[in-house]
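The structure appears below as structure tokens.
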Amino acid sequence: MSGRKKSDFELRRERAEKLNLLQRVMGLCNQAVGLRQDINERVAAVSEGLRTTFAREIARASSWAKQTAPESASLSMDSDTAALQQTQQRLEQFAKEGLAAQQQLQLTLTQKADQFGQRLTTRLAEARGEYLARRELIGQWFPEIRQRTDEQFRQAEKMLQEEHYSKLDPLLGNLHGAITKAGSESESLESQHQKRMYLLKALRQVCQDMGMKEVSTPQFESSSQRGSKINLQVDTINHGHIKFSLALDGISSFAGTEQQTHCFHDFGRLSRHLEEQFGIQTKFRTEAGEEIPEDRARNELDLPEDTGLEATD
């Protein structure tokens, strides 16, 4: 497997759809965690007078926060699609109830008599609900944006309390735009990352069944950057070491050996097994753009069944 080679990778539709389901389930779980934390913090800060006055609203929100979210930890690419869809539906309903309780609690505890104040209170509650649904994911990809947005929400609530409406109105507009943009970008990056993690799982299995040994466990090039390349180095035993680098949008490899016959043959097997067993389509090319020729060897080892990949890292 000599020289440097690169390939894009795509998942077959059914695998991609299942991975998207897992990602949506993860997002709903993160939203539920954020809502629970927000509700508990607000309830803990309520004065005794307000606690008595709004006992029913506080009890409703606290009751939801004490509930256990639908089970999702055991879900993986091995899970039945129907089971994933059912869990997603239950989590959507659970998060919807929590969002309603959180927003009602915020509206209740921020009483404004004037019409403009009431409208801004509603907008702030809606913006926070939108943010909580994406806060965890935004923090994973853009921690500085999450930190800045957290601070802006603290400023917004202070402006509302002090009735600085002329400042709060444009701030809420900016927050909505920033959350939408950062949330969309984070979801796109996370989708690419989860596909990459699935590719890594499959690649490790295929290399193992082709008789290769891992030199070290996979590692990010930069541990502090979720989007940095993931490196995997294996020993082919007979033809030297290969270093695989998995970026968000492709995979590359480098090996020092010059045995081109083995190089082309092994990469052909690698691509074929990734597709047949894991539904991952690759097409490795040399640095010069030359495609790796198809060459099906006799007496190849059959790969085991797909062990799946949980949508976590």
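The values are calculated or read from the model by the stated rules, or taken from the named source; none is laboratory data. Bear in mind the structure is a predicted one, so any value in this text is a computation, not a measurement. Cβ atoms come from the backbone with ideal geometry, glycine included; neighbour counts cover every protein chain shown. Only protein heavy atoms, including side chains, enter the accessible area calculation; ligands, DNA and RNA are left aside. Shrake-Rupley method; radii C 1.70, N 1.55, O 1.52, S 1.80 Å.
Placing His164, His193, His176 in order of accessible area, with the largest value first and a 1.4 Å probe, yields His176, His164, His193.
In the chain, the longest principal axis of the Cα atoms and the axis of helix 115-132 are about 20 degrees apart.
Please report the carbon-and-sulfur percent of the accessible area for the chain; probe 1.4 Å, protein heavy atoms only, DNA, RNA and ligands left out. Please list the in-between numbers first.
On the way: 7420 of 16360 Å².
Summing carbon and sulfur atoms, their accessible area is 45 percent of the total for the chain.
The dipole here belongs to the chain: it is taken about the Cα centre, uses +1 on the Cβ of Lys and Arg and -1 on the Cβ of Asp and Glu, and is about 760 debye.
Calculated from DSSP H runs of 4 or more alone, at -39500 (n - 2.57) each and per residue, what is the 222 nm mean residue ellipticity of the chain, nearest 500?
Numbers: 9 runs with 188 residues, N = 313.
So the calculated ellipticity at 222 nm is -21000 deg cm²/dmol.
Say the cut-off is 28 Å between C-alpha atoms; which of Lys66/Lys195; Lys18/Lys229; Lys181/Lys243; Lys66/Lys229; Lys243/Lys283 go over it?
Working: Lys66/Lys195 34 Å; Lys18/Lys229 24 Å; Lys181/Lys243 35 Å; Lys66/Lys229 39 Å; Lys243/Lys283 17 Å.
In this structure, Lys66/Lys195; Lys181/Lys243; Lys66/Lys229 exceed 28 Å between Cα atoms.
What the chain shows is 52 Å² of accessible area per residue, with the surface traced by a 1.4 Å probe over protein heavy atoms. Heavy-atom accessible area for Glu130, with the other protein chains in place and a 1.4 Å probe, reaches approximately 50 Å².
Students often get this wrong, so try it: which of (1) 77, 62, 40; (2) 80, 37, 30; (3) 72, 46, 42 is Cα extents along the principal axes in Å as calculated from the structure shown? Label (2) holds the value from this structure.
Full extension of the segment from Glu144 to Ala16, taken as 0.36 nm per residue of separation minus the current Cα-Cα distance, would add 43.1 nm.
The distance from the alpha carbon centre of the range 207-223 to that of the range 5-79 is 33 Å, rounded to a whole number. Ranked by solvent-accessible area (1.4 Å probe, protein heavy atoms only, all chains present), the residues Asp150, Asp78 order from largest to smallest as Asp78, Asp150.
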